[in-house]
Amino acid sequence: MEKWFKICLLLCLFGVLKELRPSEPFLTQYLVGPWKNLTTDQVYSEIFPVWTYSYLALLVVVFLVTDFLLYKPVIVFEGICYIMTWCVLIWGQGVAAMQGVEFLYAAATATQIAYNTYIYAQVPLSKFQVVTAYTQAALLTGRCVAGILGQVLVATGLCDYYTLNFISLAFVSAATVVACFLPSVSQSIYFHRGKPREDDKVQDELNSQRTPDIKDVHQITTEDSDSEPEWTLTSVYRLLWIDFKASFSNAYMLKWSLWWAFAMCGYFQVLNYIQPLWETVAYSSGATNIYNGAVEALHTLLSALAIVAIGYTPVNWSRYGEPVIAVISLFEGAMLYIAGTSNKLWVTYVTYMAFCITYSVLITIASSEVAKGLKQDSYGLVFGINTFLALFFQTILTLIVADSAGLALTPPDQFKVYGGYYVVLGVVFISMAAYNAGRRSDRYRAET
């Protein structure tokens, strides 16, 4: 077994275990139930928004710390944050304590940047698409198993929502132990630069074969790393600026990054408020059978299968990326709008699953395309910036539609807004696809 594959498997095991949190699909029911006795208004408008604001505030710091500490310690810290989250969730009481839970959960999710970028410092460039699929599938597999486990335990009466939290605590603790066995990384992007690897020497050739839009983004940073082995604040700033300018002046990278940021913004918002929507629809329709866990399990299983298949599917995304993004964004907008207008719980379940599956496929493609078009270790910067932009947009969206300081819309009305958001995103990419198709047509006629 090759070394890169062993590392990938160990990281995937960590990914599966940290996502094995069977209590998560029932968080809203737990908070408004007798264990915490909070009101729905407190949960929706005072507690849940804290995650968005905290995640945004922590992300920039976490990105630089991840680079400085060489990934692995931050992955271990992610596990510790999850442990602290569930400890406070189990034993804390009151709005302030639950806001603390959201802050700790934000710290854990912010440090996931280390999970997403660690593998690219350990594997050959030619394996990027495969390992991206594996590591994302690991997360989805963990969520799938967690959903099945939670649903079965609740449906059979073996556990209530409170007891499920202890099971979640056990799994995230096990994940933290696994993280300690990950191999250390010897160099990072900015604070611990080393000699460029052999894979980077063939990067330009691979990019030129893939799409003419990809430009050389390696020459300057490679020269800089050879001339300045020791980091200073000035050199770190200069390298950050060089990589930022090189990455985002590339039209192909910019296209995928824009979709990534805007789509992730909407996805985070949907994840944050899907349980309030289910709770609202279940209450208004008188539904007594809650299948939150089963729904999470099914969509994550289907998503995992889909993204592994995509990992092995040869598609020229430089040509077909824009129309695919446009069509799927329109589809996602329709699903969210239907979810916001329906008074049937099963409809909201089905539309949510369809939304999550299509998002998982596209975000995997976007991750791989961005990674293949950059200098090998610079993926973390683009990932961090894209996630920061997504959270910045989400903060604005949260303030307007969800926070008590804004409109504080009901969950169904929020989902109508989110549906419109994705429709606008789809229209933008339809326009881009039409424009680029016209340019290619004109170029073809000129050549003939």
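Observations
- Largest first, the residues Trp346, Trp260 sort by 1.4 Å accessible area into Trp346, Trp260.
- Filter on Lys72/Lys416; Lys255/Lys416; Lys18/Lys416; Lys72/Lys127; Lys72/Lys245; Lys127/Lys416 - keep pairs with C-alpha separation over 29 Å: Lys72/Lys416; Lys18/Lys416; Lys127/Lys416
- Counting charges near Leu20 (Lys, Arg +1; Asp, Glu -1) among other residues having Cβ under 15 Å from its Cβ returns a value of -1.
- In the assembled protein chains, Lys416 presents an accessible area of approximately 70 Å² (probe radius 1.4 Å).
- Counting only DSSP H runs of at least 4 residues, each contributing -39500 (n - 2.57), and dividing by the residue count of the chain, the helix-based mean residue ellipticity at 222 nm comes to -26000 deg cm²/dmol.
- Maximal additional length on extending the Lys245-Leu271 stretch stands at 6.2 nm, based on 0.36 nm per residue less the C-alpha distance.
- Maximal additional length on extending the Ala405-Leu10 stretch stands at 137.8 nm, based on 0.36 nm per residue less the C-alpha distance.
- Cα→Cβ-extended label distance, 7 Å offset, between Thr40 and Ala437, nm: 4.4 nm
- When all protein chains stay in place and ligands, DNA and RNA are ignored, the 1.4 Å accessible-area order of Met98, Met353, largest first, is Met353, Met98.
- Between Val424 and Val347, the modelled label-to-label distance comes to 2.5 nm, taking each label 7 Å out from Cα in the direction of the beta carbon.
- Contact order for the chain, expressed relative to its length and based on alpha carbon pairs under 8 Å spaced 6+ residues apart, stands at 24 percent.
- Shape metrics for the chain, restricted to C-alpha atoms - Rg then Dmax, Å: 22.0, 74
- Theoretical gain in end-to-end length, Leu254 to Ala174 [0.36 nm per residue, Cα-Cα removed]: 25.0 nm
- Förster-model FRET efficiency, 51 Å R0, Val61 and Tyr320, C-beta, rounded to 0.05: 0.85
- Heavy-atom accessible area with a 1.4 Å probe sorts Tyr55, Tyr283, largest first, into Tyr283, Tyr55.
- The mean of 1/r over all pairs of different alpha-carbon atoms in the stretch 1-148, once inverted, gives a Kirkwood hydrodynamic radius of 16.5 Å.
- Averaging over all projection directions, the Cα-based convex hull of the stretch 266-370 occupies 6.7 nm² in the image plane.
The values are calculated or read from the model by the stated rules, or taken from the named source; none is laboratory data. Nothing here was measured: the structure is a model prediction, and the numbers come from that model. So basically every Cβ, Gly included, is an ideal-geometry build from the backbone, and we count neighbours across all protein chains shown. Side chains included, ligands, DNA and RNA excluded: accessible areas come from the protein's heavy atoms. Shrake-Rupley method; radii C 1.70, N 1.55, O 1.52, S 1.80 Å.
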